[in-house]
Amino acid sequence: MNHLYQSSSFIPVEEAVKSRGKAAARFDRFNTNDLMAAVFPAVRWIVPDYLPEGFSVLAGRQKLGKTWMAIDFALAVASGGCALGSIECEAGNVLYIDMENGPRRIQRRIEAVYPDDANMPDLSRLDWVTEAPALNAGFIGALTDWRDSVPHPRLIVIDVLQRIKPAGNGKQNAYESDYACFSELQTWATENRIAVLALHHTRKGGADDPLEALTGSNGLSAVADTTLVLDRDGNGMTLYVRGRDVEERETAVRFDAGIFTMLGDAAEVRRSDGRAKILEFLSDAEEPERIGAIVAGTGMKRSVVDTLLHRMAKAGEVIKAGRGLYIHQNRSDLLD
């Protein structure tokens, strides 16, 4: 018999319920064997390897290109084209909620992506909205209405998340407030197997962990299924992604005239760029160069130069001319 513990003695559940005048709470359990025998559908990818179904956040500093990247995703999904220049997307209906740009600016941005009308794909699956209620004032109902009005709902973009966030609850701290605020949106996206991508800002100065760079509390990154962070430093622009169904990765990207292009794994691209800088510097040298001079000439960190020179020497790209001295592989004349 099930029992409740009370005052150092046990009493039957039925007696406890009767004395309290309320229904007994029960867990909705499932057995491990039943769980392991179940067959679940595969994760639904909207942008393969980067944006799955569920609630996602795309964060970055102001004027860095978040909206352009979101438009890139939206156009790729709506047309069944390629995101970031090379990621094939399954076609479906897209709703872009843009509360910071009017129709004129939206039109100009699409024209920037497709300057030649002859190359513009069919974008009839892409709908735009420039006004939306707050999360606690009918936003979820409006999403449901759109979902029911289109044949293949796949992606919703919210630009920006702050515009639909309701006022905070004075009885909750910032983390509790943000988590409670966005959990309904996360639940809706998950249950409907639709990707809801919300644009957000990162704080100045960044952080060691990309997820810590999001403005506000950690409640947002905690409730989000996937977080993407667009960033730029001396090595170029990168897109970092981490999530419950996503393999953590950092990708080097290029942004030019409204168009994003994926360059490859960020670490590999940095190494490739670093090699090119070192080779360019050494090709112009008039004598074997020390590591300190290479660091100063390329503007790279000493630790990076040390690692690259070691690898490049093994690969024959540079020649070690003495202790701490290096020359370009084509400048063997400097050995004399």
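Bear in mind these aren't lab numbers, they're just calculated from the coordinates by the rules spelled out. This one's a predicted model, so the numbers in the text were calculated from it and none came from an experiment. So basically every Cβ, Gly included, is an ideal-geometry build from the backbone, and we count neighbours across all protein chains shown.
What the table below lists for this structure:
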| item | result |
| --- | --- |
| Dipole in debye (nearest 20) - the chain, about Cα centre, beta carbon charges: Lys, Arg +1; Asp, Glu -1 | 880 debye |
| Rounded, prolate or oblate (a/c below 1.5 giving rounded, otherwise prolate when a/b exceeds b/c) for region 116-260 by Cα gyration tensor | oblate |
| Loop GluC sites (Glu not before Pro), region 227-328 (other Cβ atoms within 10 Å of the site Cβ: 14 or fewer; DSSP) | Glu247, Glu248, Glu286 |
| Amide H contacts of Leu197 (H built 1.01 Å from N, under 5 Å, at least 5 apart or other chain) | Ser56, Ile156, Val157, Ile158 |
| The chain, Cα convex hull volume normalised per residue, Å³ | 249 Å³ |
| Sites excluded, chymotrypsin sites (Phe, Trp or Tyr not before Pro) in DSSP loops with at most 15 other C-beta within 10 Å, longest stretch of the chain | 31-336 |
| Region 226-231 - phi-based ³J(HN,Hα) in whole Hz, Karplus 6.51/-1.76/1.60, Gly and Pro as x | 9, 10, 10, 10, 9, 9 |
| Distance violations [Cα-Cα > 24 Å] among Lys66/Lys301; Lys66/Lys165; Lys277/Lys314; Lys204/Lys277; Lys165/Lys204; Lys277/Lys301 | Lys66/Lys301; Lys204/Lys277 |
| Span-rule helices in the chain, defined as complete DSSP H runs reaching 18 Å or more along the axis (Cα) with Kyte mean at least -0.5 | 66-79, 266-283, 302-315 |
| Bins of 5 Å, starting at 0 and running to the largest distance - Cα pair percent for region 205-244 | 6, 22, 33, 23, 11, 5, 1 |
| Inter-site label distance for His152 and Phe30 at 7 Å from Cα along Cβ, in nm | 2.9 nm |
| Low-density loop positions, trypsin sites (Lys or Arg not before Pro), region 292-336 - DSSP coil, at most 14 other Cβ in 10 Å | Lys301, Arg323 |
